[in-house]
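Undergrad: I'd like to ask you about the structure that follows.
All of the numbers you see were taken from the coordinates with simple rules; none came from a lab. No experiment lies behind these values; they were computed from the predicted model shown. Cβ atoms come from the backbone with ideal geometry, glycine included; neighbour counts cover every protein chain shown.
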Amino acid sequence: MAVNGKVIITCAVTGAIHTPSMSPYLPVTAEEIADAAIGAAEAGAAVVHLHARNPATGQPDQSPEAFRPFLEVIKQRSDCVVNITTGGAPTMAIEERVRPAATFKPEVASLNMGSMNFGLYPMLQRQKEFKHDWERPYLEGSRERIFKNTFADIEYILSTCAENGTRFEIECYDIGHLYTLSHFADRGLVKPPFFVQSVFGILGGIGPHPEDVMQMKRTADRLFGDQYRWSVLGAGRNQMPIAAMAAAMGGNVRVGLEDSLWIGKGQLAQTNAEQVTKVRQIIEGLGYAAATPEEARAILDLKGADKVGF
């Protein structure tokens, strides 16, 4: 899977899973998100995956106005591939979630391949104090909240972005999500090469066991052959072990504070760049090299940074 020995590192710099009380290093403001993305790119990430947050409270914010300030700065200061979320947060409607990607027409946007339980509430076991009123109910509410990504929702995102030339980081949290991708590929609504991001260790999705990793890859190989590019992310403490497994299998990797706040046992990562540096060392130790943004564009068949809407 590693094309010419090059591994694409994606860095997801803030996300919508963790809340500000969990780490003082979680990027919240537009300036912090821009600096985090640029730092990750300088450390070796070819792709930066972006969410926005309310600068005062840190709450996920999917308004295009929240994205614009950091998108413009990142484009001015880096040639990295910008990947905008359409996942937003599980509390948001699909129309809200797709607006930034529809507005800014990025080279890549994320696309979740199925509705699922998305359990964040175990984080309450270690986080007892919160800075903001929204944090505890947001985590607690995940006990009964469904992260809704129906067939109609997926088709809505694909059709809304159909004329933009945007490719998708297709997020698959379980084996059935690969079959959902196959369904939309058979209908011609998404075109190869597919950028399949296999997600391991989220409560409600597939687990982080090596057998789970291999099963995901075997199934994707059978369904898509040479028509896809495989990447992985491991949640929390699974981040580096999953990345190492996948890199050894020739896969691409994703790290970042969206997926894990940690750089080691009991040690918070102070920057996204720390995680990129660590996974790059793993990749290079296996005899591969981190792909540059231009190499990633060629591998994923992207339209180029000159054709985005920001």
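Undergrad: Calculate for the chain the 222 nm mean residue ellipticity that helices alone would give, adding -39,500 (n - 2.57) per DSSP H run of length 4 or more and normalising by residue count, nearest 500 deg cm²/dmol.
TA: That comes out to -11500 deg cm²/dmol.
Undergrad: Under 5 Å between amide hydrogens, which residues at least 5 positions from N112 or on another chain qualify, with H placed 1.01 Å from N in the peptide plane?
TA: The list, which skips near neighbours in sequence, is E171.
Undergrad: In addition: Lysines within cross-link reach of K6: Cα-Cα under 21 Å, excluding same-chain residues under 8 positions apart?
TA: Reachable lysines: K217, K278, K303.
Undergrad: Given charges of +1 on the Cβ of Lys and Arg and -1 on the Cβ of Asp and Glu, with all other atoms neutral, how large is the dipole of the chain about its Cα centre, in debye to the nearest 20?
TA: Magnitude of the dipole: close to 360 debye.
Undergrad: So how strong a dipole does the range 13-114 carry about its Cα centre when Lys and Arg Cβ are +1 and Asp and Glu Cβ are -1, to the nearest 20 debye? Could the numbers behind the result be given before it?
TA: Working: 7 positive and 11 negative charges, 35 e Å.
Magnitude of the dipole: close to 160 debye.
Undergrad: What residues qualify as long-range amide H neighbours of N252, i.e. H under 5 Å apart, gap of 5 or more or another chain, H built at 1.01 Å from N?
TA: W230, S231, V232
Undergrad: Could you tell me the center-to-center distance, by alpha carbons, between the range 151-170 and the range 15-76 in angstrom?
TA: Cα centroid to Cα centroid, the span is 23 Å.
Undergrad: Continuing with this model, one more query. Which whole-number percent gives the relative contact order of the range 247-310, counting Cα pairs below 8 Å spaced six or more residues apart?
TA: 22
Undergrad: Compare the Cα positions of G39, L300, G251 along the charge dipole of the chain (+1 at Cβ of Lys, Arg; -1 at Cβ of Asp, Glu; about the Cα centre) and return the one farthest towards the positive end.
TA: G251
Undergrad: How large is ³J(HN,Hα), in whole Hz, for each residue of the range 43-53 in order, when computed from phi with the Karplus curve 6.51 cos²θ - 1.76 cosθ + 1.60 and θ = phi - 60°, using x for Gly and Pro?
TA: 7, x, 6, 7, 10, 10, 9, 10, 10, 10, 9
Undergrad: Can you give me the Rg/Rh ratio for the chain, using Cα atoms for both radii and the Kirkwood formula for Rh?
TA: Working: Rg = 17.5 Å, Rh = 19.0 Å.
A ratio of 0.92.
Undergrad: Right, next: Taking +1 at the Cβ of each Lys and Arg and -1 at the Cβ of each Asp and Glu, which of T271, Q76, A162 sits farthest along the dipole of the chain towards its positive end, judged by Cα position relative to the Cα centre?
TA: T271
Undergrad: Under a straight-distance cross-link criterion of Cα-Cα below 26 Å, which lysines are reachable from K131, leaving out those fewer than 8 residues away in the same chain?
TA: Cross-link targets: K265.
Undergrad: Need the C-alpha centroid separation for the range 212-269 versus the range 83-106, integer Å.
TA: Their Cα centres are 23 Å away from one another.
Undergrad: Same structure again: Can you tell me the dipole magnitude for the range 200-266 around its Cα centre, using point charges on the Cβ only (Lys, Arg +1; Asp, Glu -1), in Debye to the nearest 20?
TA: With Lys and Arg at +1 and Asp and Glu at -1, about 80 debye.
Undergrad: A follow-up question, please. Could you grab the relative contact order for the chain? Cα pairs under 8 Å, six or more apart, rounded to a whole percent.
TA: It rounds to 26 percent for the chain.
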